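Note sheet for the following structure.
What follows draws every value from the coordinates through simple rules; no lab data is involved. Here the structure is a predicted model, which is why all the values come from computation and not from measurement. A quick note on method: Cβ atoms are made from the backbone with ideal geometry, for glycine too, and the neighbour counts reach across all protein chains shown.
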Ligand code: C2O
Ligand code: CU
Ligand code: CU
């Protein structure tokens, strides 16, 4: 019995284990490297712009004898030829994909006749609209498969670029991603008095940006590993058109940008880095045009920009790498390192002259925080806002009709989130205690809140009161919303308390 062979045995064993560990680490390392490098996508320089941009049809509805403007929206399944000869199953309003652009004027009573021809229950929410909670189209106003719903309200807010989309609790991402989204434009006397490009489909174009991924002929819906933002596509569409171009015939072109993607945050600009004027945000016109060359929009946000064209030139609308202070990991896996060529604008050889943009646009319509009667804090976390996941039968907070409040929203999570409040437009008072950048000086209903960021928002709840019908506030990264990053508030008359949401089971 000598101890020499035994220690040799041990040495061999250790060497064997060692090389196995090295092999294992190399494999894991390789996988991590592969996962990391394959997580980024770019279509910059690779888009051929062969398809003419689709412009959603403008629906002005019909006007009834009492002046009510009546729209019809049919939610239906369809097939869309995104790529020549390949048909993809999609959902749409009055068509195969997306929906018509609804348009109404301040002061008008509107009514929308909705028919749900889908195989699933859904809702239609009017994002950015000030309206009674029972008409809001949130998760409490489910429209059964085969059913109908006819909400109505009177438009009473400034001219703006709003939108509509489904909001069924737990399934919003899947319903929007299949194609259920459309714009809702509002007009008013102030906007009409300003010389702004406003010929729909000519010098005033809707730009609905979505990312998409195909799995054969089907729309892919998978969430890839580490992608805790939700679904991220590997190419983009504008108004449902892949590789779109648009011919323009005016010196100034207004683009009404809507980020209708489920999770992707864009950092828009032009390929030649030209500047453009930001004239409107979520809830309407800015106080004055702001010259910039980068514009960040998180899901649900809108912006109206005006770009100047030279005769005969072409320029590409692009989305650049994000510069939002995301950490290394989240930057890569939430799509921050991705870039896309979105839309080519082609100017005619002679252009119609456009009047210069007005120096002043619309006076602020949101409160400045000085008359806020309440300050509330919201901590954003994927596990729930203020650590509570959404519950349909729990009213999280009660606000008094007519009062202004300041909401302090903090992202204490490492992930990107944003914050959307139904029914109101708010003013961003501060970002991390500093005055907001000029692009946040207009009315907003959705704001990007990157990690380690706190925003203070001032808003007024001017009714009507309804203690039993809640409005929502939530993260508009739709998978986060589906996971429960959502809460409910009711507006009550002074002295009244919250009731119980009506039972809405099927
Ligand atoms: Cu655009 Cu609560 O939604
Ligand atoms: Cu909304
Ligand atoms: Cu989120």
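Here segment 44-155 carries DSSP beta bridges of which approximately 60% are antiparallel, counting only pairs with both residues inside.
Assuming a ≥ b ≥ c are the square roots of the Cα gyration tensor eigenvalues, decide whether segment 165-222 counts as rounded (a/c under 1.5), prolate (otherwise, with a/b larger than b/c) or oblate. Cα axes put segment 165-222 in the oblate bin.
The fewest-to-most ranking of 444, 86 by surrounding Cβ atoms within 10 Å reads 86, 444.
Note: relative contact order over the chain, using C-alpha pairs below 8 Å and six or more positions apart, is 15 percent. Note: relative contact order over segment 54-192, using C-alpha pairs below 8 Å and six or more positions apart, is 26 percent. So how tilted is helix 3-38 from the main axis of the chain? Cα-based, degrees 0 to 90, rounded to 10. Tilt relative to the chain: about 20 degrees. Sorted on the mean count of surrounding Cβ atoms within 10 Å across their residues, most packed first, peptides 357-366, 304-313 read 304-313, 357-366. With an 8 Å cut-off on Cα pairs and a minimum separation of 6 or more residues, tell me the relative contact order of segment 151-260 in percent. It comes to 28 percent, rounded to a whole number. Listed peptides 126-133, 470-477 appear in the order 470-477, 126-133 once ranked by packing, highest mean of other Cβ atoms within 10 Å at the front.
Going by the alpha-carbon gyration tensor, a ≥ b ≥ c the square roots of its eigenvalues, is the chain rounded (a/c under 1.5) or, if a/c is not under 1.5, prolate (a/b greater than b/c) versus oblate? Since a/c reaches 1.5 and a/b is larger than b/c, the shape of the chain is classed as prolate.
Which of rounded, prolate, oblate describes segment 240-397, given a ≥ b ≥ c as roots of the alpha-carbon gyration tensor eigenvalues and a/c under 1.5 marking rounded, otherwise prolate only if a/b is larger than b/c? In terms of gyration-tensor shape, oblate. Only helices enter the 222 nm calculation for the chain: every DSSP H run of n ≥ 4 contributes -39,500 (n - 2.57), and dividing by all residues gives -3500 deg cm²/dmol, rounded to 500.
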